[in-house]
Each structure stands twice: as C-alpha cells, then as structure tokens.
There are 2 protein chains.
Amino acid sequence: TSSSSRKRSGWEIKGSKLSLNTHNRIRNIVESLKIKPNPEKPMIPLSIGDPTTFGNLKAADETMKAVLHSLESGKYNGYASTQGHEIARKAVAKYSAHQRPDGEIDANEVVLCSGCSSALEYCILALADRGQNVLVPRPGFCLYYTLAQGLDIEVRYYDLLPDQQWRADLVQLESLIDENTAALLINNPSNPCGSVFDEKHLRELIAICERHYLPIIADEIYEHFVFPGSKHLAVSSLTTEVPVLSCGGLTKRFLVPGWRMGWIIVHDRKNRLRDAIVGLKNMCGRILGSNTIIQGALPDILTKTPQSYFDGVIDVLHSNAMLAYKMLKQVRGLDPVMPNGAMYMMIGVSIERFPEFKDDTHFVQEMVNEQSVFCLPGSCFEYPGYVRIVLTVPGAMIEEACSRIAEFCDRHYKKESRNFIEHGLLDCDDVAF
Amino acid sequence: TSSSSRKRSGWEIKGSKLSLNTHNRIRNIVESLKIKPNPEKPMIPLSIGDPTTFGNLKAADETMKAVLHSLESGKYNGYASTQGHEIARKAVAKYSAHQRPDGEIDANEVVLCSGCSSALEYCILALADRGQNVLVPRPGFCLYYTLAQGLDIEVRYYDLLPDQQWRADLVQLESLIDENTAALLINNPSNPCGSVFDEKHLRELIAICERHYLPIIADEIYEHFVFPGSKHLAVSSLTTEVPVLSCGGLTKRFLVPGWRMGWIIVHDRKNRLRDAIVGLKNMCGRILGSNTIIQGALPDILTKTPQSYFDGVIDVLHSNAMLAYKMLKQVRGLDPVMPNGAMYMMIGVSIERFPEFKDDTHFVQEMVNEQSVFCLPGSCFEYPGYVRIVLTVPGAMIEEACSRIAEFCDRHYKKESRNFIEHGLLDCDDVAF
Ligand SMILES: Cc1ncc(COP(=O)(O)O)c(C=O)c1O
Ligand SMILES: Cc1ncc(COP(=O)(O)O)c(C=O)c1O
C-alpha cells in the first residue's frame, strides 16, 4: 500500500523527536534528586542562576524608568520589524562599539531576540545542519546541548582546564574539528567557571578558527562582568578574519532576566557568512523576537544606567567570591577555583575523600538534606567532581552557607577511605573525568 | 579517509537548510513588488496586519495600567518558570474557561509563549516529525508554512470555499490525510478570510479528526473577534475525544502585538497526547518564553479590560467591513466576501477582466503605483485571484481607499478581453486555482 492510503488506527500520538530530545540537563538532574531540606536550617539555594532572587541585587532605577517612559509613550505596542526596531538596534550597535574598535557597527548587523537563549538558538541553528557539529566548552552552560541535540546537531565538548584558569585545552579542542564542524562556541566570561579569557588565549582560539575556517559563536552575556584586575575583551575585537556572532543581552548586567531581551551582533568583516546571515534573519521571522516596550526603552537603558550601578553589582559579586574562596579553601576535600568574573564559582570536590557519597550529585543531595544548602552538581555542566555556587546572594548568606558547607565536609571527610586517596582531585588535574 | 580526518579547505560557510528554508511568503512577495506610490496621493497601506499602525485603535487604559503596576511592583524582573509564572497561567486558564465548559482548565495546562507565533511553533514542532505532515487552510496565514518547511514537515493545504463562507472542503480535506498526518490546523476566526466557523462545521471537522485519530492545533488568536450576529466557538468546547492545542494571546484582542504574549492551552481530556505534552513543555525550555512584566500584568489585563472596550473595537471593524463591502460589491471585476470576524476581508479579482495585469500580484503592484493603495495579493496566502485588505484603518481612510480601488478597477476593467471571460471568477468557484 502506498503511504497515502494507509491510515492511523488509534490514538498513538507521539511527541516529536525534536521535542523529546530537547533536554534540560539541569532540570533533569535537579528533579532526580531526593531533596528534603533540614527543617532546622533555613534553605540557602546557591543553585539559582537568577541574580534577582534574593532581593539584594536590583535593576537600576534608570533601567526601570526607561521602561516606564517607553510604556507611557504608547509608541511601542505595535509589531517591530523582524530584526527589531531600528532605534533599539542602533542603541545596541553603539553600546557594543568596543566589540569592533576599528569600525562602526551598523544597526543592520544587530538582531534583537527573545533573550540571549534565543540569540544562541538562532546562531546555532543558522550555522549548523543535521549531522554537523558545534564545539562547546566543558564545563559549560547546558543550553547549548539543549538547543542542538533535538535537531541532530552534535555537540562536541572541548575541555576547560581548572588549573589553568579554565583556559581551553587547545590541543584537545583542535583534535575535535572535522569538515562537519560548523562553529566554535566560546562562553566568555564563563558560566559555570567565572573565568575570563585573556587576550593571548583569545588569539590562540582565533588562530585555530582561522586554520580551520570556523566561525565563532561568542556567548558574551556576561560581558563587562569582570572583577577588578581582569579585563573582558570581546573576541570580535581581535580579528577581522574570523566571522563572529556575538550573543548578548540585558539579562545579567542589567539584572532583568525575565524581560527576555537578547541580541546577536554580526561581525563578518570579510563577508564570509554570506547566506548564513540571510538564514539568521529568516530565523527571526519565526516568532518575531522580543517585547517592544523593552525595545523602546533600550536607548535609555543602555546610555543612562550609570557606571556606579554596575560597579556596585561587581563589588557584591567580587567580595562574595573572595569570602567564599577564603572560607572554602580551608575546607579539607574542597578545592575552590577563584573566578575573575560572571556570577559563579566552581569548587572541586575530592569525592573519594567522601566515601559515603557516590558522586557530585549524591554529595549535593545530602548537603541539602543536612545543611539546607543547595549547590548545583558539576554534572549539570558535564563536569562531575565539582559543584557550582552562585555569588549573587547577600554577603551574610554566603558566609553562613560556607560555614555550613565546611561543617558538612568536616563531618563526612575521610582521611583514608580508598586506595587512590593519595592521588585525589586536589593533586591531579584530570581525575575528575 | 574518515570524516574526522577531513578538514575544511576554505571559508565556504553556508547557512543551514533550516534557516534558508524558513521563508516568509508575505515578505518575499512584498519585496518582489516594484512599488512607487503615486506622489499625488497619500499612501493607504491596507496591507499591514498590525492594528495599531493607524492610531485609531489603541490598547485599553486598563491594559496599559496593568503593565504599569506590574512594572512598578518590581516583582517581575526575574526569570519565570519555564511554562511561565503560575499566577499568569492561572489567569489565562480562568479567562479561557469557555474553551472547556464541562470542567476547569488547570494552570498546568497553560503554557506561556513569546507571541502566538511561538505557541504555533511549539505545537507544530512538538507534534510533527520530519517527513510527517500537517493540514493547514488555504487561503491561510503563511506562518504555518514558515514554521514547518525548514524542518521538513510537509504542509498540506485543505481548501476553504469562498462561496460557502470559507468553510473547509471536507472531502478534499479528508483525502489529504494519511498515516503521516500529525495534526489538523484550524484557524478560526480566520486570517485572511475573516470567516467564523459555526458549530455544525466545527463538529464536522471534529468528526474527521476522530475518524483519523488526529489532534487539532487551533489557532484562535482572533477568538472573540466576531461581528454582531456571529458567535465564536472554541473547537475544544465541542469535544472531549479529540485533543486540542489552542493557541491564543493578547496580540489582537488587546491590540498589543509587540508585547509578544501568547499561550497554548492543552485540552487533552482522554490523555491521548501523553509524551507530546512532555515534548511541548520541553520546547519552552529552549528560550524561556515571554516577557515577565507582561506576565505579571496578565491577571489584571484579562479581568479588568472592560467589555465596552472590546465592543468599541468590534464596532470599528464591523462598520469598516460593511462600508468596504458595500462599496466594493459595486465595482466591476471585484467580488468581496463579507467577513464575520477578525480584521480582514478577502476580495475576489476577476483577473481576466484586467488583461493588463498578469496576476493578483501585478494587479496589487499597479494599484499602489497609481492609487497609493496597498492590498496584499492572495498569493501571500496561497490563494491567487484574491486580494486581502485590513479593516483596522480609520473609517474615512477605508472610504477613500475603496473609492480609489473603484477608480483603479473602472479604469482597467475590460468587458471582453479574453475568451473565457464569460466564466470568470465571479461565476465559478474554483477558477481561482
Ligand atoms: C552562559 C549563558 N548564556 C546564556 C544564558 C541565557 O540568557 P537569557 O536569560 O538572556 O536567555 C545564560 C543564563 O543563565 C548563561 O549563563
Ligand atoms: C492567524 C494568525 N495566527 C497567529 C498570528 C501571530 O500572532 P502573534 O503576533 O501573537 O505571534 C497572526 C498574526 O497576524 C495571525 O494572523
């Protein structure tokens, strides 16, 4: 029988492969935990990547006022053009001038999206076909996998090295590249590492891309989010050879994740992306981007929010980082890695020193149950053997959390539990795998 | 050589198939027109589906105030949960109670999305795999094709019949169904037809779905947008057998298309969608939905916007429809179809009576160039031989536009131009194809 003469014979409705393969690793792992926080200790969720959760970090008055004006103008209720209102794209182009020191960014090179997530989705989907692959960092933000997997775009992990300030293992990275590699994804500053690449390392990455004709997708949502002493450099500012799609947005720096305002800036100085840019803009026609009230507010948000506001936020994060690092560095079995930016810290756990727990996930679960402190297991970022904490909580809370973590570790630490204890995580870089 | 040993040898970067096959038919056709409006006549764009363009139709004060309160509360800057804030989903569930007269809609059956476009995207992508097909109306909104095509989901067109108030041709529709048909998409009230299905016809469509075990995707973005004398019935209110995913949002009824607030309501009374619902919810994790300030405002928007406001909007549309219908009905070579809802009217064009123009697209182009009146050609909706006008313009403008259309047609109408003139569009239903 021909396909058109066959009929369904019952309600066997299935979800599509795409939808069922759209996995959120964090949610899956968190939901698999058997969590019952200790009722005697108030919960401290160091797991939540939403900086607004605790009330200590708030959007700037100027940011809020800009939206108020946009709303009250009544001018931003209608549809924007597919890429977003031009005044908003112009504002982003100007705000992002440092990404291209030797030329101006044109409003046409800016695409507004529904959050940085949507920006990343369009970049990955516009560059990679089924069967192709994209290189993404490990440890890394799980969304890249979420976005690619269901479309049969393979995600290949290049390693970040904890003892080298989370720089990429260049040799291993380069060995992953083949003719089906569609892009190198860089997340700088990094979630979950809090690392910030220096110029030398960015140039090394660019050189690899030049050798292999690879465009870069730069997840720079934590742009400018660096601690004193570090400097954030946009990778696009260092090359005219390699095309770069830079993904950013208001989410983190302006502390408004729910507003879903993200963008893509196309840096393609030698016109190498050609129809990929057509494709990228086509993708925007699928759901017509981001909220127009926020679009209308973008010019004011991006120019009027004062530097003192940003400095204040960085201050909080930096002092939390220093406090947590100092406290946790003294805890046996833990090895925190001091971040240089973003809002997170990774902490190595010598899991063989905690023989009651079979892995990072188990460790995290029992820490909630005993101490009501919730960290995310490194497995959420493809990196077992570590846990990630957020640095956005109030200072007193991070101090209390670290004391409890110390108490938990002291209680469960075993000096000699297994044979290989002498060569545990603290001494050997790659044992975590 | 194995694939991993091969390397790219140059910057031959291509856009992905998905992105290059994400076509926007309206944009493509409009961009292909050679338009130079008559400088002596002010432009009247009857092409724009944005009801806020002309300033005569505005969001209600209550709607605007709701957003103001949400913004000022400072409570809605953070991330919502993947499906959207619960208070917002509860409000949508309550607002949509008429969609399920024999039971309550649960907040968990509501998913908030970035506009109705995004709602439609998730429904289509969660139900249909590559190689499967979805039945969509012709004439119909071109987004369905835009969303499906790039993913190799086939779009099969079922015909709507202009002389039967744009009811579906049930026999032709049923003949399209095979075992790879994943869903029937119904758009009611319809863009571009302005038609509203009655209960009998909806039951006929449901019966087909029951026979073939097909879920329904109901694009009900024009829900409640019906003229006096007509009644909108949600298809989900008439069946407990057939699963219905109803897509709606604020866009049209509340006149805020730029806000990108849409939703899916899952009606699956017999639990037939099973993992398709898991898939649907997974899809929301890709970009994390809609703006949270609007989410926070939803409870007030949906309860406080007064009926008089909606009535006022319908009044404008209905009187424009009557005026345009009356005027255009008298024009030789045109055959307007009176709408019962939504914001559009389709007008048949006996193109063989206008031998200077080769098709609807050419006809539209020359009308802009002579009369500065811009209608969308039916080809934008897979329906050559018609043009679509919007009814959202100020009354005086629609009157002026219709006079100019009449003038244009009178000037170019030829009584005897071709052989088949006696059996032209006006007399024969299917000649438009
Ligand atoms: C590295 C990274 N990229 C992208 C995103 C997503 O940003 P948005 O909320 O703007 O979609 C996040 C959010 O946590 C992130 O950590
Ligand atoms: C039939 C139909 N469905 C869906 C949409 C998209 O709605 P939204 O702007 O909420 O994405 C439109 C917009 O014109 C439409 O006409």
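The values are calculated or read from the model by the stated rules, or taken from the named source; none is laboratory data. These figures come from a predicted structure and were not determined experimentally. All Cβ positions, even for glycine, are placed from backbone atoms using ideal geometry, and neighbour counts span all protein chains on display. When the accessible area is computed, the model is the full protein with side chains, heavy atoms only, and any ligands, DNA or RNA have been set aside. Shrake-Rupley method; radii C 1.70, N 1.55, O 1.52, S 1.80 Å.
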Filter pass, A:THR82 being at the interface with chain B (Cβ under 9 Å from one of its Cβ atoms), within 22 Å of the chain's Cα centre (by Cα), open to solvent by 30 Å² or more (accessible area, probe 1.4 Å) and at pLDDT below 95:
no
Filter the range B:227-252 for residues that are within 13 Å of chain A (Cβ to nearest Cβ) and either within 16 Å of ligand 2 (Cβ to nearest atom) or without any contact (Cβ under 8 Å) to a residue 24 or more places away in the chain (or both) and give the result.
B:VAL244, B:LEU245, B:CYS247, B:GLY249, B:LEU250, B:THR251, B:LYS252
Inside the range A:338-353, can you point out the residues that are open to solvent by 20 Å² or more (accessible area, probe 1.4 Å) and not in a loop (DSSP other than H, G, I, E, B)?
A:ILE351, A:ARG353
Pairs returned, first residue in the range B:214-225 that is within 11 Å of ligand 2 (Cβ to nearest atom), second residue that is among the acidic types (Asp, Glu), beta-carbon separation under 9 angstrom, 6 or more apart or interchain, are none
Across the range A:97-118, what is the number of residues that are farther than 22 Å from A:GLU382 by Cα, more than 16 Å from ligand 2 (Cβ to nearest atom) and within 14 Å of chain B (Cβ to nearest Cβ)?
2
Within the range A:50-66, how many residues turn out to be assigned to a loop (DSSP other than H, G, I, E, B), within 16 Å of ligand 1 (Cβ to nearest atom) and open to solvent by less than 20 Å² (accessible area, probe 1.4 Å)?
4
Meets criteria (surrounded by fewer than 21 Cβ atoms within 10 Å (Cβ to Cβ), in a helix (DSSP H, G or I) and either within 16 Å of ligand 1 (Cβ to nearest atom) or modelled with pLDDT of 95 or more (or both)) for B:GLU72:
yes
Over 18 Å from the mean Cα position of the chain (by Cα) and of a type in the set (Val, Ile, Thr): is that true of B:ILE217 in this structure?
no
List every residue pair whose Cβ atoms sit under 9 Å apart, with the two residues 6 or more apart in sequence or on different chains, where the first one lies in the range B:124-152 and is of a type outside the set (Gly, Ala, Ser) and the second, anywhere, is in a helix (DSSP H, G or I) and within 16 Å of ligand 1 (Cβ to nearest atom).
B:LEU125/B:MET283
Return the residues of the range B:271-300 that are part of a helix (DSSP H, G or I), within 16 Å of ligand 2 (Cβ to nearest atom), within 23 Å of B:ALA128 (Cβ to Cβ) and aliphatic (A, V, I, L, M); say none if nothing qualifies.
B:MET283
Going by the conditions given, is B:ARG130 within 14 Å of chain A (Cβ to nearest Cβ), open to solvent by 40 Å² or more (accessible area, probe 1.4 Å) and at pLDDT 95 or above?
yes
Given (1) open to solvent by 50 Å² or more (accessible area, probe 1.4 Å); (2) assigned to a helix (DSSP H, G or I); (3) touching an Asp or Glu at 6+ places or on another chain (Cβ under 9 Å); (4) of a type outside the set (D, E, K, R), identify the lone condition not met by B:ILE87.
(3)
Of the numbered conditions (1) away from chain A (no Cβ under 11 Å); (2) open to solvent by 50 Å² or more (accessible area, probe 1.4 Å); (3) in contact (Cβ under 8 Å) with a residue 40 or more places away in the chain, B:GLU31 fails exactly one; give the number of that condition.
(3)
Out of (1) surrounded by fewer than 24 Cβ atoms within 10 Å (Cβ to Cβ); (2) assigned to a helix (DSSP H, G or I), the one B:GLU356 does not meet is (2)
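Just checking, which of A:LEU233, A:LEU250, A:LEU205 is under 30 Å from A:LYS75 (Cα atoms) and not charged (D, E, K, R)? Break it down stepwise before answering.
On the way: A:LEU233 fails: under 30 Å from A:LYS75 (Cα atoms); A:LEU205 fails: under 30 Å from A:LYS75 (Cα atoms).
Checking each option against the conditions leaves just A:LEU250.
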Among the residues of the range B:11-28, write down those that are farther than 18 Å from B:TYR383 by Cα and either among the basic types (Lys, Arg) or within 7 Å of another protein chain (Cβ to nearest Cβ) (or both).
B:TRP11, B:ILE13, B:LYS14, B:GLY15, B:SER16, B:LYS17, B:LEU18, B:SER19, B:LEU20, B:THR22
Residues being in a helix (DSSP H, G or I) and within 16 Å of ligand 1 (Cβ to nearest atom) - total across the range A:124-140
2
Quick count over the range A:265-290, residues being polar (S, T, N, Q), open to solvent by 10 Å² or more (accessible area, probe 1.4 Å) and facing chain B (nearest Cβ under 9 Å), is 1
Name the single residue, out of those in the range B:176-201 being away from ligand 2 (no atom under 14 Å from the Cβ) and hydrophobic (A, V, I, L, M, F, W, C), that is farthest from the other protein chains (Cβ to nearest Cβ).
B:LEU184
Per the list (1) of a type in the set (Asp, Glu); (2) under 29 Å from A:ILE389 (Cβ atoms); (3) away from ligand 1 (no atom under 16 Å from the Cβ); (4) within 12 Å of chain B (Cβ to nearest Cβ), residue check on A:GLU121 breaks on (3)
With respect to A:ILE44, determine if the residue is more than 16 Å from ligand 1 (Cβ to nearest atom), touching a strand residue (DSSP E or B) at 6+ places or on another chain (Cβ under 7 Å), over 30 Å from B:ASP178 (Cα atoms) and of a type outside the set (Asp, Glu).
yes
Within the range A:253-264, take every residue that is assigned to a loop (DSSP other than H, G, I, E, B) and more than 16 Å from ligand 2 (Cβ to nearest atom) and give me the one that is nearest to the other protein chains (Cβ to nearest Cβ).
A:VAL256
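Looking at the range A:148-174, which of the residues that are β-branched (Val, Ile, Thr) and over 16 Å from A:ASN187 (Cβ atoms) is most open to solvent (accessible area, probe 1.4 Å)?
A:VAL171
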Name the pairs whose Cβ atoms lie under 8 Å apart, with the first residue in the range A:253-266 and farther than 15 Å from B:ARG286 by Cα, the second polar (S, T, N, Q) and within 16 Å of ligand 2 (Cβ to nearest atom), and 6 or more positions between them or separate chains?
A:TRP259/A:ASN291; A:TRP259/B:ASN291
